[in-house]
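The values are calculated or read from the model by the stated rules, or taken from the named source; none is laboratory data. Only a predicted model underlies this, so the values are computations on that prediction, with no experimental measurement involved. Neighbour counts run over all protein chains shown; Cβ positions are idealised from the backbone, glycine included.
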Amino acid sequence: MPAVNRRLITDSDMQDAMDRQIGIRVFEDDHIVHSGGSILRFDERTVVIQAGVSDLSYFSRQSCEFFELKKR
């Protein structure tokens, strides 16, 4: 099945992806800088993605684009 990328822009988008523990892709300067894991928490400046038990990554909401990857 083809996958659909949905851009996460608003707090509501982020909260929905976090609640459903959807896989996340992060782009910075048009390059993938992270793929996999789910949003652990976020605020107006930062998104924290957890890909494993001790694997936390911090991304700037201003300099990165966030996409949820969901199967159709």
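Residues being more than 9 Å from the chain's Cα centre (by Cα) and among the hydrophobic types (A, V, I, L, M, F, W, C): count how many of those fall in region 1-58.
Selection size over region 1-58: 12.
Any residue in region 12-23 that is loosely packed, with under 12 Cβ neighbours inside 10 Å, more than 18 Å from Leu69 (Cβ to Cβ), polar (S, T, N, Q) and at pLDDT 95 or above?
Looking through region 12-23, at least one residue is loosely packed, with under 12 Cβ neighbours inside 10 Å, more than 18 Å from Leu69 (Cβ to Cβ), polar (S, T, N, Q) and at pLDDT 95 or above.
Just give me the residues in region 25-36 being among the hydrophobic types (A, V, I, L, M, F, W, C) and within 13 Å of Gly52 (Cα to Cα), in sequence order.
Narrowing region 25-36 to residues among the hydrophobic types (A, V, I, L, M, F, W, C): 26-27, 32-33.
Passing the criteria: none in range.
Regarding Phe27, is this residue surrounded by 15 or more Cβ atoms within 10 Å (Cβ to Cβ), in contact (Cβ under 8 Å) with a residue 60 or more places away in the chain and of a type in the set (A, V, I, L, M, F, W, C)?
Numbers: surrounded by 15 or more Cβ atoms within 10 Å (Cβ to Cβ): yes; in contact (Cβ under 8 Å) with a residue 60 or more places away in the chain: no; of a type in the set (A, V, I, L, M, F, W, C): yes.
When the stated conditions are applied, Phe27 does not pass them.
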